[in-house]
Amino acid sequence: MSSKNVNSRSGLVRTGNRDFMKEINLSIILNLIRSRGPLSRTDIAHSSGLSQGAVSGLTGELLASDFIRELGGGQSKGGRSPVLLVINPHVGFVVGIKLTDQAIVAAITDMEATIVHRTSKRVDGLQDPQIAIEAIIQTIETSLAESAIPRSKVIGVGIGLAGMIDSQESICTYSPILGWRQVQLAQPIEQRLQLPVYIENDVNALTIAENWFGAGRGRSHFLVATIGRGIGMGVVSNGLLDRGATGGAGEFGHITLQPSGPRCGCGKAGCLEALAGDPAVVRMAYEAVEAGKQTSLRQAMQSTSQLTLEHVALAAEQGDQVAQEILSEAGRWLGLGLSYLVNLFNPGLIVLSGEGTRTGDARIEAASQMMKQHIFDGLDNDLELVIKPMDDESWARGAACVVLSELFKHPINRATRTGLLGVV
Ligand SMILES: [Zn+2]
């Protein structure tokens, strides 16, 4: 939280009633400790504009509720070292679920988004929402039992999935990968588990994770782009996730770059995803073998009767020039797409993530070079590109962060809902 936001919130306090003032001030203090901690009470008073007395009283309540804890003395030039305050990471836990068309991955995290338990389960028939709901409930029950975390300590459940999500109404409006339209996912799970449930587009969930706990912490304008089976994007503008008017912002993978190009999973032709996603890499590998090119991919295909992304990545790593060129070609299309994003959004940071970042340097380097070539002059000044390889677990952690961000956004509302902050 920037000091500007804090001050404007402090301004709001003067017009509110007493409880509302307290709620806002607790929120300010919690968020200061979360984003900049460890902090002393003096630091908090200085950054928030609240009086020392108010900070002392409010932090006392947060300590009594176990939400924060005291660390040993901080740095001090002479005299007594100030006591520093940090969030108590184990005051509560959240469950994150990544739902794909074939599996459910669950991660339980603490308040600092550190994973304390993980599990994944292959499930058939997830295209049927009833099967998906049952499987998610069972996975959560199993995870909680295995981790021995008491239900009373669980703040909520976050579910991330590909597609358009109305996060206000907790409805999946459209998910091509699951074949879903207008699926009410959160409510039945919430009723059965008696826990708050939030659903979010999976890339948006990852973006929230980066915004609150990752490379985007403290950044006002940044993008998260993911490459894998699909290509997605999350946008943070003025410090907030931008979902667009109907929850569909960030369909980066489906911008058309080659109108007469290969068919995309969305039904259109020449989308970025169809040119640069992992299936596109595999398609190009088959095409290279069929065209009779000199490549070790031919032997890989003969010995396993199919080609996979891993075959291409391994061949490229071992110096196979055809495999390297395939990954570079996919990377160049991605870089072209990224240059559009830079020109449109002027981000200070792009976090490039997803399973596709694990295919070696050729793809990433080609993407980075192509992006730089096509950016409008001046927009690449101070532009940072961070590569963050990830796996299914990271997606589940992203979904968990959706719950944490809700909690910190409205700490008292959430605490009342969960009973964690009974003292306030
Ligand atoms: Zn498409």
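The values are calculated or read from the model by the stated rules, or taken from the named source; none is laboratory data. Just so it is clear, the model here is predicted, and its values are computed rather than measured. FYI the Cβ positions are ideal-geometry reconstructions off the backbone, even for glycines, and counts take in every protein chain you see. Note: accessible area is taken over every heavy atom of the protein model, side chains too, but ligands, DNA and RNA are not part of it. Shrake-Rupley method; radii C 1.70, N 1.55, O 1.52, S 1.80 Å.
One table, with the values for the structure above:
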| read-out | value |
| --- | --- |
| Members of the range 230-282 found to be within 30 Å of Arg217 (Cα to Cα), within 14 Å of the ligand (Cβ to nearest atom) and assigned to a strand (DSSP E or B), listed by number | Ile231, Gly232, Met233 |
| First in the range 95-124 and in a loop (DSSP other than H, G, I, E, B), second anywhere and among the aromatic types (Phe, Trp, Tyr), Cβ under 8 Å, 6 or more apart | Asp110/Phe93; Met111/Phe93; Glu112/Phe213; Ala113/Trp212; Ala113/Phe213 |
| Failed item, numbered, when Ile350 is tested on (1) free of Cβ contacts under 8 Å to residues at least 40 places away in the same chain; (2) within 30 Å of Ile115 (Cα to Cα) | (1) |
| Test for Gln168: is it outside any strand (DSSP E or B), modelled with pLDDT under 95 and not acidic (Asp, Glu) | yes |
| Test result for Leu327, assigned to a helix (DSSP H, G or I) and buried (at least 21 other Cβ atoms within 10 Å of the Cβ) | yes |
| Test: Thr173 is under 15 Å from the mean Cα position of the chain (by Cα) and either assigned to a strand (DSSP E or B) or assigned by TED's automatic domain parsing to the domain that holds Ile364 (or both) | no |
| Lone unmet requirement of (1) in contact with an Asp or Glu (Cβ under 6 Å, 6 or more places away or on another chain); (2) modelled with pLDDT under 95 for Trp212 | (1) |
| Residue within the range 360-369 that is surrounded by 15 or more Cβ atoms within 10 Å (Cβ to Cβ), on the phi > 0 side of the Ramachandran plot and under 20 Å from the mean Cα position of the chain (by Cα) present | no |
| Counted residues, the range 382-420 - those being assigned to a loop (DSSP other than H, G, I, E, B), at pLDDT below 85 and farther than 24 Å from Ser143 by Cβ | 1 |
| Some residue of the range 180-190 being in contact (Cβ under 8 Å) with a residue 60 or more places away in the chain and not hydrophobic (A, V, I, L, M, F, W, C) | no |
| Criterion violated by Val224 - all others in (1) within 15 Å of the ligand (Cβ to nearest atom); (2) open to solvent by less than 10 Å² (accessible area, probe 1.4 Å) satisfied | (1) |
| Check on Arg243, open to solvent by 40 Å² or more (accessible area, probe 1.4 Å), in contact (Cβ under 8 Å) with a residue 40 or more places away in the chain and within 22 Å of Gly163 (Cβ to Cβ) | yes |
| Condition met for Gly218 (more than 10 Å from the ligand (Cβ to nearest atom), touching a residue at least 24 places away in the same chain (Cβ under 8 Å), touching a strand residue (DSSP E or B) at 6+ places or on another chain (Cβ under 8 Å) and closer than 29 Å to Ala107 by Cβ) | no |
| The range 17-38 residues that are under 23 Å from Glu210 (Cβ atoms), paired with ones that are open to solvent by 20 Å² or more (accessible area, probe 1.4 Å) and of a type in the set (Gly, Ala, Ser) (beta carbon under 6 Å, 6 or more apart) | Leu32/Ser47 |
| Output for the range 259-297, where each listed residue is touching a residue at least 24 places away in the same chain (Cβ under 8 Å), under 17 Å from Ala330 (Cα atoms) and open to solvent by 50 Å² or more (accessible area, probe 1.4 Å) | Gly265, Pro279 |
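A quick yes/no check of all residues on (1) at pLDDT 95 or above; (2) assigned by TED's automatic domain parsing to the domain that holds Arg18; (3) open to solvent by less than 40 Å² (accessible area, probe 1.4 Å); (4) not aliphatic (A, V, I, L, M):
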{"position": "Arg36", "(1), (2), (3), (4)": "no, yes, no, yes"}
{"position": "Ser47", "(1), (2), (3), (4)": "no, yes, yes, yes"}
{"position": "Thr59", "(1), (2), (3), (4)": "yes, yes, yes, yes"}
{"position": "Leu62", "(1), (2), (3), (4)": "no, yes, yes, no"}
{"position": "Leu71", "(1), (2), (3), (4)": "no, yes, no, no"}
{"position": "Pro82", "(1), (2), (3), (4)": "no, yes, no, yes"}
{"position": "Asp101", "(1), (2), (3), (4)": "no, no, yes, yes"}
{"position": "Ile104", "(1), (2), (3), (4)": "yes, no, yes, no"}
